[in-house]
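Report on one structure; see the data block that follows.
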Amino acid sequence: MFDTIIVGGGAAGLSTAIMLKKSRPELKVAIIEQLDRVGKKISTTGNGRCNITNKSIKSENYYSKDLNKAIKILEDFSLNETKDFFSSIGVEICFEKSKAFPRSFQASSVVDALRFSAQNLKIHLFTSTKVLNIKSKNSIFNIITENSDFPADMLNTKTVVIATGGLAGGNKLGSNGDGYKFLKNFGHNILPQSPVIVQVKTENNITRSLKGIKVDAAVKIIQNAKITASDFGEVLFCDYGLSGPPILQLSRYCKQNSVITLDMLHEIELTDLVNLISKRRNIFKGFPLTEFFAGLLHKRIGQAVLKQCNIALSDLCETLTDTDCQNIAKTIKDFKFKVTGNTGFANAQATSGGADLKDFNKNLMSKHSDGLFAVGEVLDVDGDCGGYNLQWAWSSANTVANSIISFLG
Ligand SMILES: Cc1cc2nc3c(=O)[nH]c(=O)nc-3n(C[C@H](O)[C@H](O)[C@H](O)COP(=O)(O)OP(=O)(O)OC[C@H]3O[C@@H](n4cnc5c(N)ncnc54)[C@H](O)[C@@H]3O)c2cc1C
């Protein structure tokens, strides 16, 4: 009989097990992971560098139907506690602006440290073992797995933690939504899920022609003629639409028929830009308009702007009228892309929605079944890009580890 079985060996599951065993080494704790290794998703985070947390953890960086409950959990285990926890397992943290990374800048080293700690603490790890169902009888949970070699009562436990993550990252990272099914069977409400921190699909004739080109831009999302969100950074043009940090960050605000606008010369006021464009007619006199943007904008972006303004690229620079100059300046500062969707869960970094926090007490124990807990992305909490989602994994793990200790007495 186990004291605790954790279903899912990702960021939240591994850290729950480690925090639990550090406080109560005598407990018998197991992690069951369907993939051949634990922590596979962690290895892919932060472009292989693992943006482990953020200097500034605020409520405005998180999204949940029950934000107050989530924020309390984040406040209880925030930046300093996260640094201490990682230092205790050998990972020192450093910062790039407000983003925190392991000093090694290697996500794989975070997985190694978690794995080594789990091994030292004698946490039982069952990999390549998919959990199919969880049953409970007389305050004991029985975990049913695909592995038919296990005796029926081998995976009996007093407490169980659902740490199966959400849908972001897709099947290859083990994100298939099984946790929602398990919790639903215990009477939990599961809120609709959508991919966030994801590339945005747009009407793509322009973006396809600019595929692979990056531009620093002030980005706005427009919905029903109102600005609903904005950010600044490097935007990447793709065959399907737009990507890059500000697009990923703003993707949660993109609905069908939203419009993304890029200001590609944000540091120059519109009137100044009109003057600048007008002046360039003389500078590039005698040359075709294909050369007009040399030294100001990426050549191909400039050509796309001209096409958008219905100006022939073969015309000479000096033939631009004052109205053309105004249209060019306006288009550069308000380059519009109609949103048609996103590239889906397989390409997303987080899941919005999931298991409703209202069905859990403030210590993340189920209100439907004593001894049942959930941590991490399976819950209806997600954060902005910048280390906020992993921070939720560490913080919710701390709450659940403490909660299990009080439950077991
Ligand atoms: C490409 C990418 C980059 C990211 N980069 C960052 C970043 O830099 N910073 C940041 O803060 N966040 C980042 N995130 C988000 C962050 O990784 C997740 O929010 C976090 O890992 C969620 O942790 P989790 O433990 O809840 O779920 P997961 O890490 O998804 O772990 C769940 C585990 O449960 C297992 N499992 C599921 N079902 C079963 C079952 N039936 N039986 C057994 N095992 C099961 C899965 O195989 C998986 O290993 C990124 C996400 C992606 C996809």
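The set of residues in the stretch 356-383 that are within 9 Å of the ligand (Cβ to nearest atom) and either of a type in the set (D, E) or at pLDDT below 95 (or both) comprises E377, D382.
Regarding the stretch 162-184, can at least one residue be identified that is hydrophobic (A, V, I, L, M, F, W, C), away from the ligand (no atom under 13 Å from the Cβ) and surrounded by 13 or more Cβ atoms within 10 Å (Cβ to Cβ)?
Filtering the stretch 162-184 down to residues hydrophobic (A, V, I, L, M, F, W, C) leaves 162-163, 167-168, 173, 182-183.
Now drop any that are not away from the ligand (no atom under 13 Å from the Cβ), which leaves none.
Looking for residues that are hydrophobic (A, V, I, L, M, F, W, C), away from the ligand (no atom under 13 Å from the Cβ) and surrounded by 13 or more Cβ atoms within 10 Å (Cβ to Cβ), one finds none in the stretch 162-184, hence no.
Inside the stretch 246-300, can you point out the residues that are of a type in the set (A, V, I, L, M, F, W, C) and in contact with a strand residue (DSSP E or B) (Cβ under 6 Å, 6 or more places away or on another chain)?
Within the stretch 246-300, I247, L250, C254, V259, I260, L262, M264 qualify.
Within the option set A346, A350, being more than 30 Å from K22 (Cα to Cα) and within 29 Å of the chain's Cα centre (by Cα) holds for one residue only, A346. Say we look at the stretch 298-315 and pick out the residues that are surrounded by fewer than 18 Cβ atoms within 10 Å (Cβ to Cβ) and out of contact with any helix residue (DSSP H, G or I) (no Cβ under 7 Å at 6 or more places or on another chain); which of these is nearest to A217 (Cα to Cα)? So, considering only residues that are surrounded by fewer than 18 Cβ atoms within 10 Å (Cβ to Cβ) and out of contact with any helix residue (DSSP H, G or I) (no Cβ under 7 Å at 6 or more places or on another chain), the one nearest to A217 (Cα to Cα) is H298. Report yes if some residue within the stretch 324-339 is surrounded by fewer than 21 Cβ atoms within 10 Å (Cβ to Cβ), farther than 27 Å from Q249 by Cα and touching a residue at least 40 places away in the same chain (Cβ under 8 Å); otherwise report no. Yes - at least one qualifying residue is present in the stretch 324-339.
If you go through the stretch 384-409 and keep only what is small (G, A, S) and either in a strand (DSSP E or B) or near the ligand (Cβ under 9 Å from one of its atoms) (or both), you end up with G386, G387, A393, S396, A397. In the set (1) closer than 16 Å to N347 by Cβ; (2) over 22 Å from the mean Cα position of the chain (by Cα); (3) within 16 Å of the ligand (Cβ to nearest atom), the condition left unmet by N204 is number (3). The helices (runs of 4 or more DSSP H) found wholly in the stretch 1-117 and carrying at least 2 residues that are over 27 Å from M154 (Cβ atoms) occupy 40-44, 67-76, 79-88. The number of residues in the stretch 9-31 being surrounded by fewer than 24 Cβ atoms within 10 Å (Cβ to Cβ) and near the ligand (Cβ under 9 Å from one of its atoms) comes to 0.
The values are calculated or read from the model by the stated rules, or taken from the named source; none is laboratory data. Since the structure is predicted, the reported quantities are computational estimates derived from the model, not experimental observations. Positions of Cβ are generated from backbone atoms using ideal geometry, with glycine treated the same way; all protein chains shown enter the neighbour counts.
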